[in-house]
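Working notes for the structure below.
The values are calculated or read from the model by the stated rules, or taken from the named source; none is laboratory data. All values derive from a computational prediction rather than experimental measurement. Please note: Cβ atoms are built from the backbone with ideal geometry, for glycine as well, and neighbour counts cover all protein chains shown. The protein model used for the area step is the full one, side chains on, heavy atoms only, and it has no ligands, DNA or RNA in it. Shrake-Rupley method; radii C 1.70, N 1.55, O 1.52, S 1.80 Å.
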Amino acid sequence: MPGTEFSARINSSNPEAVEMDILGSIRAPGGRIALGSLGTVNLGESSVLDVGGQWVNDYADRSLTLGRAIHGGSIVLGRLDAVEQGAMVNLTGGGWLGWDGRDREAVLEAGDAGSLTLSGFDTAKLDALDLRAWSGADAAQLRINLTGDVQIGGTRPDAAREDAPIWLPGTLLGEYGFGAVTIYTDPRDIAVP
């Protein structure tokens, strides 16, 4: 259902020992998905977290769809422990095709992309994630909470090095559709070569 919120939190006396495995699909067009504020989150190869906006065509049959959600929603993920190749996160904006009401001319309204908040991930997890955040209107927002040094762009460091920074591609904005990226890392450094 459009605009729905799905939230799963860990209720344990030892939350660090609890894992949340996502192996299927959670879809909430224009809604909110929040997983694992404590403990860890694992995304399996067939996992789909989808808050992308809907594409609605009311022009074809001159109807009006109630409850449409053309704007992408938000996803907040706790500490990512594992991401298998093929796991998908969708924040894309949708759209609405309707009419102007007076002379029945077609009107197209593009939906904004949503937002994603990630914690505790590394370069390999980003590589495995099928991340979709495009829109014909306002771009998506990405917030990243990290606990190590970060390098944005430049030559990718050897991940086998113990002191290797978390590497984010310099194309993160254009390649995935993000218009704003905010990185929190404490008390570490962010380098942009």
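Expressed as a whole percentage, what fraction of the accessible surface of the range 86-164 belongs to carbon and sulfur atoms when a 1.4 Å probe is rolled over the protein heavy atoms? Write out the running numbers ahead of the final one.
Working: 1720 of 3780 Å².
Reported share for carbon and sulfur atoms: 46 percent.
Let me know the Rg and Dmax you get for the range 14-113 when you use only its Cα atoms, in Å.
17.8, 63
For the range 49-54, just list the computed ³J(HN,Hα) in residue order, Karplus coefficients 6.51, -1.76 and 1.60, θ = phi - 60°, integers in Hz, with x standing in for Gly and Pro.
Once rounded to whole Hz, the list reads 10, 10, 10, x, x, 7.
Could you work out what % of the accessible surface of the range 3-71 is carbon and sulfur, using a 1.4 angstrom probe and leaving DNA, RNA and ligands out of the count?
Details: 1870 of 3750 Å².
Solvent-exposed carbon and sulfur of the range 3-71 make up 50 percent of the total.
Say the dipole of the chain comes from +1 at the beta carbon of Lys and Arg and -1 at that of Asp and Glu; which of Val51, Ala164, Leu35 then lies farthest toward its positive end?
In the chain, that residue is Val51.
For the range 99-155, report the accessible area per residue in Å² (1.4 Å probe, heavy atoms, rounded to an integer).
On the way: 2730 Å² over 57 residues.
Heavy-atom SASA per residue in the range 99-155 reads 48 Å².
Evaluate the relative contact order of the range 1-110 (contact order divided by residue number), counting alpha-carbon pairs under 8 angstrom at least 6 apart; express in whole percent. Present the calculation step by step, with values, prior to reporting the outcome.
On the way: 292 pairs, mean separation 29.7, N = 110.
Dividing the mean separation by the residue count of the range 1-110 yields 27 percent.
Amide H to amide H, which residues 5 or more places from Arg79 or on other chains are under 5 Å from it, using H placed in the peptide plane?
Val41
Determine, for each peptide in 88-101, 19-32, the mean count of other beta carbons within 10 angstrom over its residues, then list the peptides with the highest first.
Values: 88-101: 19.4, 19-32: 17.1.
In decreasing order of mean packing, 88-101, 19-32 become 88-101, 19-32.
Taking 0.36 nm per residue of sequence separation and subtracting the Cα-Cα distance, how much length would be gained by fully extending the chain between Ala180 and Arg27, in nm to one decimal? Before the final figure, lay out each step's value.
On the way: separation 153, 0.36 × 153 = 55.08 nm, distance 2.36 nm.
Gain in length upon complete extension: 52.7 nm.
Using +1 at the C-beta of Lys and Arg and -1 at the C-beta of Asp and Glu, which of Trp134, Gly67, Val150 has the Cα lying farthest in the positive direction of the dipole of the chain?
Gly67
Could you run the Karplus curve 6.51 cos²θ - 1.76 cosθ + 1.60 with θ = phi - 60° over the range 61-67 and give me ³J(HN,Hα) per residue in whole Hz, x for Gly and Pro?
Using θ = phi - 60°, the values come out as 10, 6, 9, 9, 7, 8, x Hz.
How far apart, in nanometres, would the label points at Ala137 and Leu108 be if each is projected 7 angstrom from Cα along the Cα-to-Cβ direction?
Here the answer is 1.5 nm between the modelled labels.
Over the residues of the range 62-193, compute the C-alpha Rg and express it relative to 2.2 N^0.38 Å. It would help to have the intermediate numbers written out before the result.
Details: Rg = 18.4 Å, N = 132, 2.2 N^0.38 = 14.1 Å.
That ratio works out to 1.31.
Residue-wise, which Karplus ³J(HN,Hα) couplings in Hz belong to the range 133-147, taking 6.51 cos²θ - 1.76 cosθ + 1.60, θ = phi - 60°, and x for glycine or proline?
The phi angles translate into 9, 7, 7, x, 10, 5, 6, 6, 10, 10, 10, 10, 10, 10, 10 Hz.
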